Structures are given as structure tokens and as C-alpha cells.
Amino acid sequence: MSSSNPAVFKANVKALSDLLQEQSLSKNYGAADSGAVDTLKACAGFAKFYPKDMPQERKLLDALVNFSLTGKPPAAAKHAVSILMYSANRKVMYASDLLRACVKNFKYGEEHFLTKLACLSQLVLLAPDQCEDESKAITAIAKGVLFKVRNPATEEDQESSKEWIDDELLDDECKAKLLALRILVNRLRANAGTGTGTGTTLESVMTLLIKLVNNEGELFPEKNTPFVTRAFSRPVGISANHELQTISSIPPPITCSSVITEAILQQTL
């Protein structure tokens with residue numbers, strides 16, 4: 001509705017904003033509340049095209065900050081950050097504050113760490129200038145999540161767990177790795193054509209994506225990444241690889257094999 005019927009959405013955006021304020025303050029707000037995520041997503045779509053029509057009440061902006069740093073599931077943070085970056089009058093201030101809150105003393109496994117990763121993944125895309133001073137810290141956080149298996153799978157586990165599961169049932173390590181990948185890819189997307197964040201970073205990220213695709217989601221010689229994590233990581237690698245190679249200002253440093261190219265094409269159909 002936010003894009004197909006903006007006039008209708010505009011008439012209801014104040015009520016939706018009030019609802020978001022209530023939900024952000026609710027002690028019961030949590031993983032099962034998909035309604036808040038849907039509302040945030042719709043408001044983000046509206047804010048992208050009609051930023052001046054988004055309410056600017058302090059309570060709403062505070063609620064969006066709350067979703068950005070503590071929202072569950074992490075998708076809530078993604079959409080809340082989008083609304084702030086598209087429409088807030090003081091978006092630079094909000095970007096800096098959110099970035100500081102996510103990067104400072106980040107610790108894997110702490111409360112809301114997945115939400116902070118989701119917040120970072122959107123900040124690097126929509127507020128790249130504010131993120132540049134912390135680019136090394138952001139990259140270190142993403143790589144720290146990606147390049148360590150915290151719950152290694154045994155050979156027996158690998159054979160017994162080859163069943164697909166819904167996104168909601170993924171464990172935190174798998175969710176974290178997918179968000180870390182998105183941080184690295186979004187940073188390149190945001191900086192395409194600017195000369196920032198390219199070079200070695202581009203080559204290393206593309207190499208990582210190709211490795212995920214070639215090795216069926218496995219990054220480590222020990223081959224102890226759980227099957228579910230590999231199963232979800234490989235499609236992300238395929239999609240992100242294609243996404244980056246479609247950006248005209250990013251020449252692909254690595255050529256995919258015909259098999260991988262076919263997989264990429266199938267993924268995008």
C-alpha cells in the first residue's frame with residue numbers, strides 16, 4: 001500500500017506511527033511480533049519515496065532508534081534504520097549515534113547483538129559517509145563473526161541434519177553470519193563508483209563469495225560448519241556475487257565458472 005496507494009497510506013501513517021511507538025515500548029515485544037516488522041517495512045517503503053510526509057515527532061524517532069538497537073527479529077532494525085535515514089531531519093546525527101552504539105564494545109552473543117548487526121548492515125548502505133571513519137571496526141566485527149565456527153558440527157551431525165528449516169528456526173550463529181555477509185556486501189554497494197571501500201576490500205569480498213559458492217557454503221578446511229549454515233550461506237553468496245557484478249562501476253575481479261554462473265542466473269529468476 002505504501003508504494004501502490006501512497007495517498008491512502010499517507011492518511012494512515014500517523015496511526016501507524018503511534019502503533020510503532022506503543023510496540024517499541026512494550027515489554028512483550030519480541031520474536032513473534034511480525035506485525036511490527038510489517039508496519040516498519042511498509043513505513044520504510046513510504047519514507048523512501050515520500051520522506052517529507054513521514055511524521056517527525058520525537059516519540060516516533062525515539063521508537064525507531066529503539067527498534068534499530070533492540071528490535072526483534074533483526075529485520076525490525078533494518079526497516080527502522082531505513083525510515084530514519086530516508087526521512088529524519090537530523091539523519092546524520094541519528095546515523096552517528098546508532099553507529100557508535102553498535103560498534104562500541106560489540107560482543108558476539110551479547111543481548112541484541114543480532115539486532116546491532118542488522119543495524120550496521122543498513123547503516124553502511126544508507127549512511128556510508130558516517131560509517132567511513134569506523135570502517136575498520138565495522139569490517140573487523142563482520143569478519144570476526146564470519147571467520148569463526150562457534151558451534152562446530154561433527155561428521156555425524158552433518159549427516160543427520162540435512163533437512164531444510166524455516167528462517168525463524170535458524171540458530172543465532174547462522175543468522176549472525178548471514179548478517180555479517182550483508183554488512184560486507186552492502187558496504188561495497190554503497191561505495192560503488194566513489195573509490196572508497198574498493199580495491200583490496202572488493203577483491204577479498206568477491207573471493208569470499210566465490211568460495212562460499214564453490215564450497216557449498218563452507219569456508220573452513222576443517223569442514224565443520226553446520227549444514228544449515230552452509231545451506232543458507234551459499235544462496236546468499238550467489239545472490240550477492242551477482243548483485244555486485246551488476247554494478248557497472250565494480251569490475252568483477254574473479255570470473256565465475258559456467259556452473260556458478262548458471263546457478264546465479266537461476267537464483268535471480
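The values are calculated or read from the model by the stated rules, or taken from the named source; none is laboratory data. The shown structure was predicted, so the numbers you read here are calculated from the model rather than taken from an experiment. Methodologically, a virtual Cβ is constructed for each residue, glycine included, from the backbone with ideal geometry; neighbour enumeration extends over all protein chains shown.
Within region 200-269, which helices (runs of 4 or more DSSP H) (wholly inside it) include 2 or more residues that are modelled with pLDDT under 85 and within 22 Å of ASP167 (Cβ to Cβ)? Even if it seems obvious, please write down each step before you answer.
Numbers: elements: 200-214, 227-245, 258-268.
It comes to 227-245, 258-268.
Scan region 88-113 and report the pairs whose first residue is without any contact (Cβ under 8 Å) to a residue 40 or more places away in the chain and under 17 Å from ASP129 (Cα atoms) and whose second residue is surrounded by 12 or more Cβ atoms within 10 Å (Cβ to Cβ) and of a type in the set (Gly, Ala, Ser), with Cβ atoms within less than 7 Å and a gap of 6+ or a chain change.
TYR94/ALA88; ALA95/ALA127; LEU98/SER68; VAL103/ALA137
Here's the yes/no breakdown for (1) under 14 Å from the mean Cα position of the chain (by Cα); (2) more than 18 Å from ARG189 (Cβ to Cβ); (3) in the same structural domain as LEU178 (by TED's automatic domain parsing):
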{"residue": "GLU110", "(1), (2), (3)": "no, yes, no"}
{"residue": "THR115", "(1), (2), (3)": "yes, yes, no"}
{"residue": "LEU120", "(1), (2), (3)": "yes, no, no"}
{"residue": "GLU132", "(1), (2), (3)": "no, no, no"}
{"residue": "ALA142", "(1), (2), (3)": "yes, no, no"}
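Among the residues of region 54-104, what is the count of those that are of a type in the set (Phe, Trp, Tyr), over 16 Å from the mean Cα position of the chain (by Cα) and closer than 14 Å to GLN21 by Cα? Even if it seems obvious, please write down each step before you answer.
Filtering region 54-104 down to residues of a type in the set (Phe, Trp, Tyr) leaves 67, 86, 94.
Restricting the remaining residues to those that are over 16 Å from the mean Cα position of the chain (by Cα) gives 86, 94.
Then drop every residue that is not closer than 14 Å to GLN21 by Cα, which leaves none.
Going through region 54-104 one residue at a time, the tally reaches 0.
List the helices (runs of 4 or more DSSP H) inside region 4-111, counting only whole elements, that have at least 3 residues being modelled with pLDDT of 95 or more and of a type outside the set (Gly, Ala, Ser). Don't jump to the end; show me each part of the working.
Numbers: elements: 6-25, 34-49, 58-70, 75-87, 91-103.
Of the helices (runs of 4 or more DSSP H) lying wholly inside region 4-111, those with at least 3 residues that are modelled with pLDDT of 95 or more and of a type outside the set (Gly, Ala, Ser) span 58-70, 75-87, 91-103.
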